[in-house]
Amino acid sequence: MLRFLQFELQQEDADSCTFEAMASVKAPDVLALETEGRLLLAHLPTWLGTHPSPLDRGGDWDVWFQAHWDGQPPLTVDAHVPCWASAPTTETSTPSTAWWTLNITLVVSAQLVPSLTDHLAL
């Protein structure tokens with residue numbers, strides 16, 4: 001399913017695991033990477049059986065998205081709000097030689113790790 005994003009385990013303890021992915025693309029592939037991020041966000045609640053909620057508030061998983069063009073401040077996308085602030089994709093707003101980077105952090109409770117790793121083929 002994922003073409004650009006490659007998740008890696010960053011931290012693990014008895015209660016949870018943190019997975020991170022980062023992908024950087026130039027202007028022609030921004031829409032494809034953005035779409036991949038949107039699809040991932042849409043599938044996660046089905047795969048994990050619940051909506052995102054911070055683990056320290058009793059939730060089972062949470063996710064953070066951050067996107068930015070080279071040299072620009074990052075745009076943080078709130079997974080708890082059903083919208084995505086789209087990255088500019090026209091050459092008039094950003095040179096076609098610039099890189100657009102998407103970072104995703106997933107924190108998953110220990111009991112949901114097998115489901116996540118199965119779906120992401122980790």
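The values are calculated or read from the model by the stated rules, or taken from the named source; none is laboratory data. Keep in mind that this is a model prediction, so the values were computed, not measured. When we count neighbours, we look across all protein chains shown, and the Cβ atoms used for this are built from the backbone with ideal geometry, even at glycine.
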Pairs where the first residue, in segment 23-37, is under 15 Å from Ala98 (Cβ atoms) and in contact (Cβ under 8 Å) with a residue 60 or more places away in the chain and the second is assigned to a helix (DSSP H, G or I) and among the hydrophobic types (A, V, I, L, M, F, W, C), C-beta under 6 Å, 6+ apart: Ala23/Leu33; Val25/Leu33
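Can you tell which of Gln6, Gln11 is of a type in the set (S, T, N, Q), touching a residue at least 12 places away in the same chain (Cβ under 8 Å) and closer than 30 Å to Trp99 by Cα?
On the way: Gln11 fails: touching a residue at least 12 places away in the same chain (Cβ under 8 Å).
Result: Gln6 is the single residue among Gln6, Gln11 that is of a type in the set (S, T, N, Q), touching a residue at least 12 places away in the same chain (Cβ under 8 Å) and closer than 30 Å to Trp99 by Cα.
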Residue among Thr76, Thr92, Thr46 that alone is at pLDDT below 90 and over 17 Å from Asn103 (Cα atoms): Thr92
- request: Would you point out the residue of segment 20-56, among those that are among the β-branched types (Val, Ile, Thr) and not in a helix (DSSP H, G or I), that is nearest to the chain's Cα centre (by Cα)?
  value: Val25
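Given the criterion over 14 Å from the mean Cα position of the chain (by Cα) and either modelled with pLDDT of 65 or more or surrounded by 15 or more Cβ atoms within 10 Å (Cβ to Cβ) (or both), identify the matching residue among Trp99, Trp84, Trp61.
Working: Trp84 fails: over 14 Å from the mean Cα position of the chain (by Cα); Trp61 fails: over 14 Å from the mean Cα position of the chain (by Cα).
Going through Trp99, Trp84, Trp61 in turn, the sole match is Trp99.
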field: Members of segment 9-31 found to be closer than 16 Å to Trp64 by Cβ, of a type in the set (Gly, Ala, Ser) and out of contact with any Phe, Trp or Tyr (no Cβ under 8 Å at 6 or more places or on another chain), listed by number
entry: Ser16
